[in-house]
Amino acid sequence: MENNKALTLTIIANMTSNYGEGLGNAAGVQKVYKNQKEYATRSRESLKNAICIQSGLYDDLETSLDKVMQKKVTEELNAATCRALEGGYMSTKDMTYVRNSSFYLTDAVAVEPFINELRFHNNLYLASTHAKANNLSVQNDAKDTGLMPFQYEYDKSMKIYSITIDLERIGIDENFDVEASNEEKALRVNSIIDAIATLSLVVKGNMDNAEPLFVIGGLSNRKTHFFENVVKVKGNKLVLEDGIKEKLESNYGDFHAGVLKCGQFDNEDDIVRILQAVSTDEFFKNLKESVLSYYA
């Protein structure tokens, strides 16, 4: 425990993608290209923002406009006293201050190649209501009624992402030589864990339960996404090759696995047997207790 300086998790969850640049009334999901195929993604920035909001870290967020909108930072309002600054900041108001985030995420990338699914919508009811009130015709006066058809790509799929928290930097702001209490540090880390365990995402009016279907990791002496390269899904099965087992049993940290026992994976029984996976609820409960012990 004394050598562990980070908390690292790799997670599989069902979630929608977020959107890149639109063209007119058409919007496309964000994608990455690998293995000569394209995969839908939810960006690390989108994930981080959702986790910061849901964890409550942004409850005390204050902003400042200095040509660009940025987080407000002062000698009194810093990463030790303001939870919203835990995710990092650059403030150019009066003096320039930079503090990197104490936790890092990867993009959430789909496990299967993207298959284009277009959705078509319009605001016909609103336009018809306006047309009726103003003696217009939706058919003949579409522009004046505000009728607006639009389309967008849709993707909700199983995605993998990782998060690593630098436990040594939580609640510390070197710019002002201040540090939060250990109790506050543990609260911030466990708030992030709670948000991940119950993550809910909204995009274009769609809400999805993005709770982990599978999670692996724990406290580590390596500040990196330790399991990023070994968590793979093929077909509807978690790949249980030697790499994932060796990392789980390594001396680089106190690692465990958790699975939501719902039949999502065809080899759920093998996951439990080979990785000694507990339920996701038990996994996160034990992880939070480890965080409390670390900061005790």
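So which of Cys82, Cys52 is closer than 17 Å to Ile165 by Cβ and either without any contact (Cβ under 8 Å) to a residue 40 or more places away in the chain or hydrophobic (A, V, I, L, M, F, W, C) (or both)?
Selected residue: Cys52, the only one of Cys82, Cys52 that is closer than 17 Å to Ile165 by Cβ and either without any contact (Cβ under 8 Å) to a residue 40 or more places away in the chain or hydrophobic (A, V, I, L, M, F, W, C) (or both).
Would you say Phe283 is part of a helix (DSSP H, G or I) and of a type in the set (Phe, Trp, Tyr)? Before you say what the answer is, go through the steps one by one.
Numbers: part of a helix (DSSP H, G or I): yes; of a type in the set (Phe, Trp, Tyr): yes.
Yes, satisfied.
Among the residues of region 231-271, write down those that are free of Cβ contacts under 8 Å to residues at least 24 places away in the same chain and closer than 25 Å to Asn4 by Cβ.
Asp242, Gly243, Glu246, Lys247, Glu249, Ser250, Asn251
Out of curiosity, is Leu275 more than 28 Å from Ala50 (Cα to Cα), surrounded by 21 or more Cβ atoms within 10 Å (Cβ to Cβ) and not basic (Lys, Arg)?
yes
Tell me the strands (runs of 3 or more DSSP E) entirely within region 6-58 that contain at least 2 residues that are crowded, with 21+ Cβ neighbours inside 10 Å, modelled with pLDDT under 95 and touching a Lys or Arg at 6+ places or on another chain (Cβ under 9 Å).
Filter on region 6-58 gives 6-16, 37-42.
Write out, first by first residue and then by second, each pair whose Cβ atoms fall under 6 Å of each other, whose residues are 6+ apart or on separate chains, and whose first residue, in region 146-158, is within 14 Å of Leu201 (Cβ to Cβ) while the second is among the small types (Gly, Ala, Ser) and surrounded by 15 or more Cβ atoms within 10 Å (Cβ to Cβ).
Hits for this filter: Asp155/Ser17; Asp155/Ala40; Ser157/Ala110.
Any residue at all in region 101-113 that is farther than 20 Å from Lys31 by Cα and surrounded by fewer than 15 Cβ atoms within 10 Å (Cβ to Cβ)?
no
Can you pull out the residues in region 59-76 that are assigned to a loop (DSSP other than H, G, I, E, B) and polar (S, T, N, Q)?
Hit for region 59-76 is Thr74, nothing else.
For region 108-204, which fully contained strands (runs of 3 or more DSSP E) count at least 2 residues that are modelled with pLDDT of 95 or more?
108-110, 156-166
I'm told Tyr58 meets every condition in (1) touching a Leu at 6+ places or on another chain (Cβ under 9 Å); (2) closer than 30 Å to Phe284 by Cβ except one. Can you identify the failing condition by its number?
The single condition Tyr58 does not satisfy is (1).
Of all residues in region 34-50, which are closer than 22 Å to Ser91 by Cα and not small (Gly, Ala, Ser)?
The answer is Arg44, Glu45, Lys48, Asn49.
Going by the structure shown, is Ala79 in contact with a Leu (Cβ under 7 Å, 6 or more places away or on another chain), assigned to a loop (DSSP other than H, G, I, E, B) and surrounded by 15 or more Cβ atoms within 10 Å (Cβ to Cβ)?
yes
Evaluate region 186-208: report whether one residue or more is over 19 Å from the mean Cα position of the chain (by Cα) and either surrounded by 15 or more Cβ atoms within 10 Å (Cβ to Cβ) or within 25 Å of Ser46 (Cα to Cα) (or both). I'd like the intermediate steps shown before the answer.
Applying the first criterion (over 19 Å from the mean Cα position of the chain (by Cα)) to region 186-208 yields 186.
In the following step, the residues that additionally are either surrounded by 15 or more Cβ atoms within 10 Å (Cβ to Cβ) or within 25 Å of Ser46 (Cα to Cα) (or both) were identified as 186.
Yes, that holds for at least one residue.
Are any residues in region 222-241 modelled with pLDDT of 95 or more and of a type outside the set (Lys, Arg), and if so, which ones?
Listed by number, the residues that qualify are Thr224, His225, Phe226, Phe227, Glu228, Asn229, Val230, Val231, Val233, Leu238, Val239, Leu240.
Assuming Ala127 fulfils every condition listed in (1) among the small types (Gly, Ala, Ser); (2) exposed (fewer than 14 other Cβ atoms within 10 Å of the Cβ); (3) in contact with a helix residue (DSSP H, G or I) (Cβ under 7 Å, 6 or more places away or on another chain) apart from one, which condition is it?
With respect to (1) among the small types (Gly, Ala, Ser); (2) exposed (fewer than 14 other Cβ atoms within 10 Å of the Cβ); (3) in contact with a helix residue (DSSP H, G or I) (Cβ under 7 Å, 6 or more places away or on another chain), Ala127 is out only on (2).
This table checks each residue for (1) at positive phi; (2) among the β-branched types (Val, Ile, Thr); (3) surrounded by fewer than 19 Cβ atoms within 10 Å (Cβ to Cβ); (4) in contact with a Ser or Thr (Cβ under 8 Å, 6 or more places away or on another chain).
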| site | (1), (2), (3), (4) |
| --- | --- |
| Ala210 | no, no, no, yes |
| Ile216 | no, yes, no, yes |
| Glu228 | no, no, yes, yes |
| Gly235 | yes, no, yes, no |
| Val259 | no, yes, no, yes |
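The values are calculated or read from the model by the stated rules, or taken from the named source; none is laboratory data. Everything numeric in this text was worked out from a predicted model, so none of it was measured. Note that each Cβ is placed from the backbone with ideal geometry, even for glycine, and that neighbours are counted across all protein chains shown.
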